[in-house]
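Colleague: Quick one: this structure, given as structure tokens, is what I'll be asking you about.
The values are calculated or read from the model by the stated rules, or taken from the named source; none is laboratory data. These figures come from a predicted structure and were not determined experimentally. With ideal geometry, Cβ positions are generated from the backbone for all residues, glycine too; neighbour counts draw on all protein chains shown.
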Amino acid sequence: MRAALTPQDPDEEDLATVAAELSRNFRQRSRKTQLADYQRMIQQTIQEMIQQVGRLQRSVASFMVSVSSSSAFNDPLPDGLDKVHAGFAIEVRNVPHEQVCFVSLGVAAKGNECSIIRRVTVRNASGQEVPYSPWEDVFYYNPEEAPETARFLPLVEQAIKVGIRATHATIIGGNPIARTVVDGWPSNRTSYCERNTDTSTNVVGCKLLYSACWTFR
């Protein structure tokens, strides 16, 4: 009777070993599991980027800068991109004008590559939020490695400057922004590392460069 009540486990492998092995298998074969892992790894960096917005609020003269949730991820991403993290939006306005600019920063993945992506929308005087620029890739990183937060923080200052310029252009007219933006992640893109030579931000990192782009002026 005693023997009958004793659990019989024909599998002699250690529980931790089984769990670790099958967790690795899940990550390799389940895209949902992989994306969740990418999100977990970048979460702390996103929080640090949000805090960086607060640290820069005193440097924007007559503009008001704050953090808000991003609605940009409510719209579909370009084909081939998977959402990793909805990130946040930087809200830029110039009182007493009604127009508000939102610079959304989030994380997306294509295969096993991740990138910080950025999109700009503007809420006009009638309260309608309209696109100002499409999603663009601004910084590539390897999601298999722990992110170096210090390399991501300059992206916040870049985004605030984009928002200030977009706000000025929307209210005053013209568009002082001259930049190359990316229309999605086309399949014929070339991926390689390029040193960012923008000395105003001192960002050094890998970027994904594409053959399908145009310039907003």
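Colleague: Filter region 63-79 down to the residues that are in contact (Cβ under 8 Å) with a residue 24 or more places away in the chain, assigned to a loop (DSSP other than H, G, I, E, B), surrounded by fewer than 14 Cβ atoms within 10 Å (Cβ to Cβ) and touching a strand residue (DSSP E or B) at 6+ places or on another chain (Cβ under 9 Å) and list them by number.
Modeller: Across region 63-79, the qualifying residue is only S71.
Colleague: Only one of (1) in contact (Cβ under 8 Å) with a residue 40 or more places away in the chain; (2) under 18 Å from D75 (Cβ atoms); (3) out of contact with any Lys or Arg (no Cβ under 6 Å at 6 or more places or on another chain); (4) crowded, with 20+ Cβ neighbours inside 10 Å is not met by N124, so which one is it?
Modeller: All conditions are met except number (4).
Colleague: In this structure, does R2 turn out to be among the basic types (K, R), out of contact with any Pro (no Cβ under 6 Å at 6 or more places or on another chain) and at pLDDT 95 or above?
Modeller: no
Colleague: Continuing with the same structure: Look through L153, L105 and report the one residue that is more than 30 Å from G173 (Cβ to Cβ), within 15 Å of the chain's Cα centre (by Cα) and in contact (Cβ under 8 Å) with a residue 12 or more places away in the chain.
Modeller: Numbers: L105 fails: more than 30 Å from G173 (Cβ to Cβ).
Checking each option against the conditions leaves just L153.
Colleague: Ok, one more. Select from region 104-121 the residues that are of a type in the set (K, R) and in contact with a helix residue (DSSP H, G or I) (Cβ under 7 Å, 6 or more places away or on another chain) and write down the one among them that is surrounded by the fewest Cβ atoms within 10 Å (Cβ to Cβ).
Modeller: Across region 104-121, the extreme among qualifying residues is R119.
Colleague: Which one is surrounded by the fewest Cβ atoms within 10 Å (Cβ to Cβ), of the residues in region 80-103 that are assigned to a strand (DSSP E or B) and among the β-branched types (V, I, T)?
Modeller: Out of the qualifying residues, it is V100.
Colleague: Still on this structure: Quick one: in region 145-184, of everything that is modelled with pLDDT of 90 or more and of a type in the set (D, E, K, R), which residue is surrounded by the fewest Cβ atoms within 10 Å (Cβ to Cβ)?
Modeller: For region 145-184, the residue satisfying everything is E145.
Colleague: Moving on. Within region 112-139, can you find the residues that are closer than 12 Å to V84 by Cβ and either of a type in the set (G, A, S) or in a strand (DSSP E or B) (or both)?
Modeller: E113, C114, S115, I116, I117
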